[in-house]
Structures are given as C-alpha cells and as structure tokens.
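A short write-up of the structure that comes next.
The values are calculated or read from the model by the stated rules, or taken from the named source; none is laboratory data. Bear in mind that the values here come from a model prediction, so they are computed numbers and not experimental data. Glycine also receives a Cβ, built like all others from the backbone with ideal geometry; neighbour counts cover every protein chain displayed.
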Amino acid sequence: MTGDLGFGQPLEGVAQTAFIVPDLTAAIQHWVADLRAGPFFVLPNLLVPGQTYRGEPSRADVTLAMGFAGHMMIELIQPLDKNPSVYRETIDKRGYGYHHMGIACADVEASAADYATRGWLEAYRAAVPTGGEVVYLDNGTGADLGFIELLPVTPGMDETFTRFWEASRNWDGSDPIRPFT
C-alpha cells in the first residue's frame, strides 16, 4: 500500500493525535461543541489478551473514542482501571491531556526496528480490532514528548477510519456519540 489512506493522511505519516481523558463523554462533548470535531465512534473496554507494557503482560482496560477534525483523527482514551499502562504512566507523570501521535505504518515491525535505531523503546503492544498490533514507543530520554503509536495499516484499519472520516464530512452535529462497529 502506498500513497494516501482513504481518510486523506499519508502512509508512514501522522494519522492521529491522542489524548487521555478522565471522562470520555465529557471530552467528546468538549471536542464537538468547542472544537467542531466529530462525530466520535466509541470502542468500550479494549482489554485484549496478549497486551504487554514495558515487556510485561498487561491487563489495562480502556474505553476510547475516535473522531475527525478535518483529515486528522482525534483519539480520546479513558483508562478504566489503575493497572500499569502507558496511559496510567502518563497520568501519574503529568496528568490528563496529550498522550501520543499515531503513525500509519505499512509494516509495524519494520517501523519499530527503524525507530529503535534512533533510540525509541517499545513501551506497549496490543492487538487491535481493525487488524494487526499497535506498538507504542517512547524516546527513552525522559523528555516529555509523549509516545509514538505505530498503527498497522490493514484493509480493516483503512476501511474503518475512512468510514469515520466520511461521517465527519458535512456532519450536522447530530448523533455525536456512535458505536465503533
């Protein structure tokens, strides 16, 4: 796969900006009313088997929502427990707010290896419902730059995110919270 994804972002480029929020519904309402983004598609309880955090098995559960502001996907993530995770790590370090940028990758493993040559370390890995695994990286310096999430570009990912983007085009503000599927 080469070129732009169905929602207009470039392959191997920034496709997503993500924020950790304490209350998903309130965050969605803010993004809709104040920032004119949306609608948002909610995926509840993303607790998947086999996820790892800093090389150890993880049982962190989150609910997330995805919507668009133009061609940029906005992801809002609400942690549902206090289990160790990249989300809890950020909350403990600096509170809620900006968390990561998502990079659309044709080959997540190759991209992770490339980032590793520049000092980026794997912090989290989990399967996602659109196919493949995401990998979160941090720069290992302790600088507060947020994480990079490597997003696997699969047919399911491109189809799902393009559907979300198409829903945002000429959206009239009705039905701002929708199911992911």
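Being more than 19 Å from Asp4 (Cβ to Cβ) and either part of a strand (DSSP E or B) or touching a residue at least 12 places away in the same chain (Cβ under 8 Å) (or both) is a property that does not hold for Gly156. Cβ-Cβ distances below 6 Å connect the following pairs, each with a first residue in the stretch 89-100 that is within 17 Å of Arg59 (Cα to Cα), a second residue that is surrounded by 15 or more Cβ atoms within 10 Å (Cβ to Cβ), and a separation of six or more residues or different chains: Thr90/Ile20; Thr90/His99. Could you check, for the stretch 27-38, whether at least one of its residues is surrounded by 19 or more Cβ atoms within 10 Å (Cβ to Cβ) and part of a strand (DSSP E or B)? No, there is no match, as no residue in the stretch 27-38 is surrounded by 19 or more Cβ atoms within 10 Å (Cβ to Cβ) and part of a strand (DSSP E or B).
Residue-level check: of (1) small (Gly, Ala, Ser); (2) part of a loop (DSSP other than H, G, I, E, B); (3) under 20 Å from Val14 (Cβ atoms), Gly173 misses just (3).
Among the candidates Gly140, Gly97, Gly119, the residue that is in contact with a Phe, Trp or Tyr (Cβ under 9 Å, 6 or more places away or on another chain), surrounded by fewer than 15 Cβ atoms within 10 Å (Cβ to Cβ), modelled with pLDDT under 95 and more than 21 Å from Phe164 (Cβ to Cβ) is uniquely Gly140.
Only one of these is among the small types (Gly, Ala, Ser) and within 17 Å of Glu159 (Cα to Cα): Gly38, Gly50, Gly6. Name it.
Values: Gly38 fails: within 17 Å of Glu159 (Cα to Cα); Gly50 fails: within 17 Å of Glu159 (Cα to Cα).
After ruling out the rest, the residue left standing is Gly6.
Scanning the stretch 172-181 for residues that are farther than 14 Å from Trp31 by Cα and over 15 Å from the mean Cα position of the chain (by Cα), we see that the one that is modelled with the lowest pLDDT is Thr181. Looking only at the stretch 78-94, residues that are part of a strand (DSSP E or B) and either in contact with a Phe, Trp or Tyr (Cβ under 6 Å, 6 or more places away or on another chain) or of a type in the set (Gly, Ala, Ser) (or both) come to 1 in all.
Which residues, taken from the stretch 62-88, are surrounded by fewer than 18 Cβ atoms within 10 Å (Cβ to Cβ) and of a type in the set (Asp, Glu)? Result: Asp81, single match.
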